[in-house]
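Where a number appears in this text, it was derived from the coordinates with a stated rule and is not lab data. All values derive from a computational prediction rather than experimental measurement. Because the Cβ atoms are built from the backbone with ideal geometry, glycine has one as well, and the counts that use them run over all protein chains shown.
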There are 2 protein chains.
Amino acid sequence: MALQSESETLLTPSEVASMFRVDPKTVTRWAKAGKLSSIRTLGGHRRYRESEVRRLLDGLPSPRVQTS
Amino acid sequence: MALQSESETLLTPSEVASMFRVDPKTVTRWAKAGKLSSIRTLGGHRRYRESEVRRLLDGLPSPRVQTS
DNA sequence: ATTAAATAGGGTAATTCGGGCG
DNA sequence: GATGTCCGAATTACCCTATTTA
């Protein structure tokens, strides 16, 4: 089976930033640090996988308060 | 002589744009800049090779026969 | 042949990149 | 160590109309 890199919905830096309530620059730093995988346009701009972002948003390691 | 027995799937500008999450015009700019090879219809519209687009999407380097 | 959608052009805002600073 | 901001340069997005495609 081939990789289905096409069917994956991609998000722009500003979109991810809005979802996390952070500056787009911060998202860029996460990508640099390898905390978030990114796809590059031919011009060098980053795109992020929606599924990964959503996974991080939903299933984030809770602040050790309650996980249910 | 290499026979093109394998049908090379061609993609429209909007299809490529969707894959990269960019505007179709941006794909056109990539073609103009030589970052992406394009095939022209008789009316002047551009078509792109799926194999090349996939290669670029996966972040693989230039079309190299040998990947050291 | 006619309609509707997509693309090619060109021009101008808006994002993003990268580095460095606080 | 992590985030936000300022800067300049580069890339991308949106506006229009005419032509091509389906």
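Summary of computed values
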item: Residues A:T41, A:T28, B:T41, sorted so that the one with the fewest Cβ neighbours within 10 Å comes first; result: B:T41, A:T28, A:T41
item: Dipole magnitude (debye, nearest 20) for the stretch A:10-58, charges at Cβ of Lys, Arg, Asp, Glu; result: 200 debye
item: A:D58, B:D58 arranged by Cβ crowding within 10 Å, fewest neighbours leading; result: A:D58, B:D58
item: Rounded FRET efficiency, nearest 0.05, which uses the C-beta distance separating B:K25 from A:S37 and R0 of 22 Å; result: 0.25
item: Other-chain or far-sequence residues with amide H under 5 Å of A:R40's (modelled H); result: A:R47
item: Residues A:R46, B:R29, A:R55, sorted so that the one with the fewest Cβ neighbours within 10 Å comes first; result: A:R55, B:R29, A:R46
item: Geometric extent, Cα atoms of the stretch B:10-58 - Rg, Dmax (angstrom); result: 9.7, 31
item: In sequence order, calculated HN-Hα J values of the stretch A:32-48 (Karplus, 6.51, -1.76, 1.60; Hz; x Gly/Pro); result: 4, 7, x, 6, 9, 7, 9, 10, 9, 6, 5, x, x, 6, 8, 10, 10
